Amino acid sequence: MEAVAEGLWGLADQHENQGEMGKAIKCLEAICQSQVSFLPIVEVKTRLRVATLLLKHSNNVNHAKAHLERAQLLLKSIPSCFELKCRAFSLLSQCYHLVGAIPSQKQILNKGLELTATSGDGFTGRLWFCNFNSQIANALIIEGDYKGSITALEHGYICATKMCYQELQMFFATSILHVHLMQWSDVSLVEGAVKRCNMLWESFSPEKGQQCLGLLFYNEMLHIFYLLRVCDYKSAAQHVDRVDAAMKSDLERTQHIREIKKEIDSVNLSLSRPDLGYRDRSALSEKLRRLEEQLSSFTGVSSTGKESIEPAYFGNVKRAFGDKLELAPPPIDGEWLPKGAIYALVDLSVVVFSRPKGLFRECGKRIQSGIQTIQEELKKLGIDDVVKEVDLQHSAIWMAGVYLMLLMQFLENKVAVDLTRSEFVEAQMALVEMRNWYLRFPTILQACQSIIEMLRGQYAHAMGCYNEAAFHFVEASKMTESKSMKAMYQIYAAVAYICIDDAESSSNALDLIGPVYSIMDSFVGVREKTSVLFAYGLLLMRQDNLQEARLRLASGLQITHNFIGSLQLVSQYLTALGNLALALRDAGQAREILRSSLTLAKKLYDIPTQIWVLSNLTSLYQQLGEEGNEMENQEYQKRKVEDLQRRIGEACMSPHHFELIDKVKLEAHQLSELDIKRVTAGRSMTVDLDIPESVGLYTRAPMPASNRLMDLDFGRLGRHKN
């Protein structure tokens with residue numbers, strides 16, 4: 001019977017190489033379903049292979065799980081077969097993970113750890129020990145057990161250190177850093193994790209660093225998240241440049257591999273011709289040999305090479321060779337995110353750094369590129385224009401969540417860019433798209449509810465609807481559990497109240513600013529501090545407490561310049577300080593400051609801030625009696641005001657305008673308790689991408705210079721958990 005099994009295995013190989021997975025699985029299942037008994041070891045190997053094919057090429061996780069559970073029962077009667085037992089435990093763990101059966105996953109992984117404990121200290125046993133600890137860490141994160149997750153990862157790290165295995169050490173070190181970034185309970189622990197990653201990465205040779213591309217992206221992106229959290233933008237920029245260069249290099253390499261494969265296919269087609277002469281066949285065979293050598297040098301395998309049996313394909317979407325950025329060697333053989341998600345994340349990071357500098361053309365390219373990548377990946381998951389959350393297969397929920405969260409981040413940045421440039425109709429469309437995605441996937445995108453509400457406030461503020469803006473900002477603050485985001489939304493609401501410009505609204509603004517101001521030094525980084533100092537300075541200006549306002553604004557400007565570097569926020573700080581200098585009759589300083597602010601506002605295409613500056617310059621020229629400059633400035637200001645009013649008018653004509661500003665908070669249809677459990681069970685530690693964002697506030701254009709309160713652009717870290 002062993003010969004029959006060998007024959008069916010060989011036939012399955014042929015079908016698999018031809019891409020006929022259904023036929024390959026039928027060949028293998030013929031062994032499992034045979035009425036004539038095969039040796040248990042033959043059936044075990046066959047079931048493992050069937051499960052692997054199902055996990056790689058289908059959504060039939062339950063079918064794969066059934067094969068693996070049967071294989072596990074058979075393995076109990078076999079005294080040896082350590083490798084097969086570990087492989088069965090690992091694959092079965094992945095099945096339980098995909099169906100959201102976390103307790104069963106932990107149970108099977110603990111059995112795996114018990115098995116490795118009896119295998120001695122061999123190299124293979126240690127590798128499997130690392131595999132099981134990494135999977136346990138991920139399962140514990142889903143349950144919110146950060147401490148337990150770090151303990152499991154530390155066990156893996158210690159084992160990798162004993163093995164003197166650099167790549168494995170780096171895998172566990174970066175994973176530990178990731179968990180610390182998600183929890184952020186102790187700054188010293190986070191800093192220690194960062195230092196350990198730096199020390200390990202610096203021990204890699206440049207060649208090894210380039211070979212470990214998955215680790216490179218993972219380590220660099222985690223450093224970006226950390227540095228943005230602590231507002232070290234200058235250091236973070238270096239890491240953004242590094243991942244961007246690595247992405248471009250890998251894209252070129254991937255394109256070259258595609259071209260070689262295309263040429264190999266062409267040569268094979270020519271070689272299949274029966275009338276080909278001996279000389280031509282020899283020449284083509286030699287050409288094929290050279291091409292396959294080139295391919296092997298790029299990929300490490302030949303054009304007929306086999307991949308690892310371990311699936312590690314998130315969302316069960318089959319991807320071509322090279323689409324997987326491995327973090328660790330087999331049998332761990334996993335990935336942080338698929339290559340498409342990593343590339344989108346790199347584009348998003350470039351957007352986040354380019355937008356405050358006013359590099360909107362680059363932002364537009366990257367936003368378009370990122371959204372296109374995400375849409376292609378969503379289609380592979382079966383998500384089109386009508387699919388809703390309840391329609392998703394459980395195994396696709398986690399990966400769908402990753403791509404949908406990334407999509408919302410890109411759209412949020414698009415809204416921010418469009419509002420900064422007063423492209424209000426474009427901002428409307430992006431915001432409506434965000435709302436529609438949320439209404440279709442309310443549980444997966446639950447963290448986006450407050451962000452959408454906040455952006456509705458941004459849009460209302462840009463339209464001059466300050467009561468509506470304040471409403472949406474206050475509602476947004478109620479929707480988030482994040483201390484940072486809640487503080488930012490309260491500051492936005494305070495500015496909206498200041499713009500209403502009456503006694504009650506000023507009192508409301510003070511009630512919102514006061515609590516944040518009192519704890520502004522307790523936040524990680526200085527983002528909230530610069531924001532509240534700006535808002536408080538504006539409120540003090542309204543209260544005619546000019547000297548105190550000047551102190552707060554000067555302090556905030558210095559912090560913004562030293563740490564955040566947002567040109568838009570710097571421009572707004574300068575405009576407010578120019579306004580103060582004008583009110584204090586310091587014409588020389590007012591002229592210098594306002595000209596600098598106007599230069600920045602023009603660079604950013606920020607029409608509202610330009611109008612604010614121009615109105616202050618008009619008042620300055622009136623003070624100085626410079627009629628020529630005054631007339632010229634007023635004419636330029638008039639053109640800008642007309643342009644802004646035209647843009648606002650176009651937006652108001654849209655049917656979406658009143659939907660967005662209406663004082664009704666965004667709420668989605670509530671899923672049943674069973675559906676909610678099904679969706680939330682599919683989440684993983686890596687869904688929390690912790691991506692930084694930056695958003696702005698907008699106010700009316702035509703108002704007296706002393707009352708002009710414009711366009712805040714506060715950097716914010718868009719955390720989805722706190």
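The values are calculated or read from the model by the stated rules, or taken from the named source; none is laboratory data. This structure is a prediction, so every number in the text was calculated from the model and none was measured. Because the Cβ atoms are built from the backbone with ideal geometry, glycine has one as well, and the counts that use them run over all protein chains shown.
A few comments on the model shown:
- Any chance E16 is assigned to a helix (DSSP H, G or I), among the acidic types (D, E), within 30 Å of D145 (Cα to Cα) and touching a residue at least 24 places away in the same chain (Cβ under 8 Å): no
- Filter pass, V386 being over 29 Å from D241 (Cβ atoms), in a loop (DSSP other than H, G, I, E, B) and not aromatic (F, W, Y): yes
- Unique residue being of a type in the set (K, R) and within 22 Å of S484 (Cα to Cα) when the list is K234, K147, K162, K248: K234
- The residues listed here are A344, A396, A416; of these, the one that is modelled with pLDDT under 90 and either in a helix (DSSP H, G or I) or under 30 Å from Y165 (Cβ atoms) (or both) is A396.
- Put simply, of Q543, Q558 the only residue that is surrounded by fewer than 20 Cβ atoms within 10 Å (Cβ to Cβ), polar (S, T, N, Q) and closer than 30 Å to V190 by Cα is Q558.
- Hey, E548 more than 30 Å from D186 (Cβ to Cβ) and surrounded by fewer than 16 Cβ atoms within 10 Å (Cβ to Cβ) or not: yes
- Residues satisfying the stated conditions in the stretch 161-175, i.e. among the aliphatic types (A, V, I, L, M) and either under 19 Å from L325 (Cβ atoms) or buried (at least 23 other Cβ atoms within 10 Å of the Cβ) (or both): L168, M170, A173
- Qualifying residue in the stretch 623-645 (condition: in a loop (DSSP other than H, G, I, E, B), under 29 Å from C363 (Cβ atoms) and modelled with pLDDT under 95): no
- Test: residue in the stretch 84-94 that is over 21 Å from N138 (Cβ atoms), out of contact with any Lys or Arg (no Cβ under 6 Å at 6 or more places or on another chain) and of a type outside the set (D, E, K, R): yes
- Pairs where the first residue, in the stretch 580-600, is over 17 Å from L569 (Cα atoms) and the second is outside any helix (DSSP H, G or I), C-beta under 9 Å, 6+ apart: A583/D544; A590/L584
- Selection status of E475, surrounded by fewer than 24 Cβ atoms within 10 Å (Cβ to Cβ), over 24 Å from E423 (Cβ atoms) and among the charged types (D, E, K, R): yes
- Looking only at the stretch 192-239, and only at residues there that are in a loop (DSSP other than H, G, I, E, B) and on the phi < 0 side of the Ramachandran plot, the one that is surrounded by the fewest Cβ atoms within 10 Å (Cβ to Cβ): S205
- Residues of the stretch 139-164 classified as at pLDDT 90 or above, within 17 Å of H97 (Cα to Cα), outside any loop (DSSP other than H, G, I, E, B) and not small (G, A, S), total: 2
- Scanning the stretch 266-275 for residues that are surrounded by 12 or more Cβ atoms within 10 Å (Cβ to Cβ) and either out of contact with any helix residue (DSSP H, G or I) (no Cβ under 8 Å at 6 or more places or on another chain) or in contact (Cβ under 8 Å) with a residue 60 or more places away in the chain (or both) yields a single hit, S266.
- Considering residues of the stretch 517-536 that are of a type outside the set (K, R) and surrounded by 24 or more Cβ atoms within 10 Å (Cβ to Cβ) only, the residue nearest to A470 (Cα to Cα): A535
- Residue-level check: of (1) out of contact with any Gly (no Cβ under 7 Å at 6 or more places or on another chain); (2) within 25 Å of L644 (Cβ to Cβ); (3) part of a helix (DSSP H, G or I); (4) not polar (S, T, N, Q), Y605 misses just (3).
- Residue list for the stretch 41-82, restricted to those being surrounded by fewer than 18 Cβ atoms within 10 Å (Cβ to Cβ) and among the basic types (K, R): R70, K76
- Test: F132 is crowded, with 21+ Cβ neighbours inside 10 Å, of a type in the set (F, W, Y), assigned to a helix (DSSP H, G or I) and touching a residue at least 60 places away in the same chain (Cβ under 8 Å): no
- Residue check, F298 modelled with pLDDT under 85, out of contact with any Leu (no Cβ under 8 Å at 6 or more places or on another chain) and in a loop (DSSP other than H, G, I, E, B): no
- Members of the stretch 19-63 that are in a loop (DSSP other than H, G, I, E, B) and aliphatic (A, V, I, L, M): V36, L39
- Tallying residues that are closer than 23 Å to I141 by Cβ and not in a loop (DSSP other than H, G, I, E, B) within the stretch 101-125 yields 14.
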